[in-house]
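Notes follow once the structure below has been shown.
The values are calculated or read from the model by the stated rules, or taken from the named source; none is laboratory data. In this text the structure is predicted, and so the values were computed from the model without any measurement. Quick reminder, even Gly has a Cβ in these numbers, built from the backbone with ideal geometry, and neighbours come from all protein chains shown.
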Amino acid sequence: MKSLPLLSIKDLTLKFPRPSTAFWDWMASKLKMLGNRDGFLPAREGLICEFRNLSLQEAQCYAICGRDSFVGLGLLNAIEARSKIASGIIIKSDGLISTQRCFEKKTGATIERAYRHRPDFEALMSFSDLFAQANIAPNDLSWVEKTRLSIAEVLFSSEKIVLIDERLFGCDKEFIEKVLEKIKLEKSKGRSFILVAPEWDAVKSVADKAIPFKVTLK
């Protein structure tokens, strides 16, 4: 008998309303690729992103790929219930962890005090290459160091579903390759992943499929 999926998405639609920010000025130049002939976004309108149905089973890895990472971030936020969805259904099992939540976690304690209780503390520090920063609070790490720590934290956790955002690809090539090898190992243990990546080639060594989506004007 086929086991139930760890995560199911059905007829999901996300809305990205237009705020008054420089992002939308930048987006205007991209709109011709989205079917807007004139290359501008009408006032008080935004974008709609539609996702096909998907079912994430144990030991699978799906990737949402594209240079416009707001789509991937929007999907991860929807899965974590950090943002509202316009329509559709998301069903997930217990046991989910994300790099975004780990990255945003705030503590005044040093890394050693915050993580020393973990039996995998040494492996966590080794993987993230942060032994030298053990007496620094996570909030005082550089962006890259904090990213490495958040990724190591999710990879060495026990949760069955792991969400890794696009910050991974802001790290050095050696660390990215190490993460992808660790994902292969964790998949063999039955864990499942959703990655946000700039392009398919970056994750094709570990991903089973790309998550299709369609972006249109609202």
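Listing for the model above:
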| quantity | calculated |
| --- | --- |
| Leu180 touching a Lys or Arg at 6+ places or on another chain (Cβ under 9 Å) and either aliphatic (A, V, I, L, M) or in a loop (DSSP other than H, G, I, E, B) (or both) | no |
| Among (1) aliphatic (A, V, I, L, M); (2) surrounded by fewer than 17 Cβ atoms within 10 Å (Cβ to Cβ); (3) in contact with a helix residue (DSSP H, G or I) (Cβ under 9 Å, 6 or more places away or on another chain); (4) closer than 26 Å to Glu186 by Cα, the one test that Ala109 misses | (4) |
| The lone exception for Lys146 - which of (1) within 28 Å of Ala109 (Cβ to Cβ); (2) without any contact (Cβ under 8 Å) to a residue 40 or more places away in the chain; (3) of a type outside the set (A, V, I, L, M); (4) buried (at least 18 other Cβ atoms within 10 Å of the Cβ) it fails | (2) |
| Positions within segment 112-137 being assigned to a helix (DSSP H, G or I) and closer than 20 Å to Ile164 by Cβ, in sequence order | Tyr115, Ala123, Leu124, Met125, Ser126, Phe127, Ser128 |
| Which listed residue is part of a strand (DSSP E or B) and modelled with pLDDT under 95, from Lys15, Lys84 | Lys15 |
| Segment 154-172, residues that are more than 25 Å from Gly95 (Cα to Cα) and loosely packed, with under 15 Cβ neighbours inside 10 Å | Gly170, Asp172 |
| Test set (1) over 14 Å from Leu56 (Cα atoms); (2) crowded, with 19+ Cβ neighbours inside 10 Å - Ser192 fails condition number | (1) |
| Complete set of residues in segment 18-68 that are modelled with pLDDT under 85 and of a type in the set (Phe, Trp, Tyr) | Phe23, Trp24, Trp26, Phe40 |
| Condition met for Ile97 (in a loop (DSSP other than H, G, I, E, B) and crowded, with 16+ Cβ neighbours inside 10 Å) | no |
| Unique residue being free of Cβ contacts under 8 Å to residues at least 60 places away in the same chain and buried (at least 21 other Cβ atoms within 10 Å of the Cβ) when the list is Ile136, Ile151 | Ile151 |
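Residues checked against (1) at pLDDT below 95; (2) within 24 Å of Val71 (Cα to Cα); (3) in contact with a Leu (Cβ under 9 Å, 6 or more places away or on another chain):
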| residue | (1), (2), (3) |
| --- | --- |
| Ser157 | no, no, no |
| Glu174 | no, no, no |
| Phe193 | no, yes, yes |
| Lys204 | no, yes, no |
| Thr216 | yes, yes, yes |
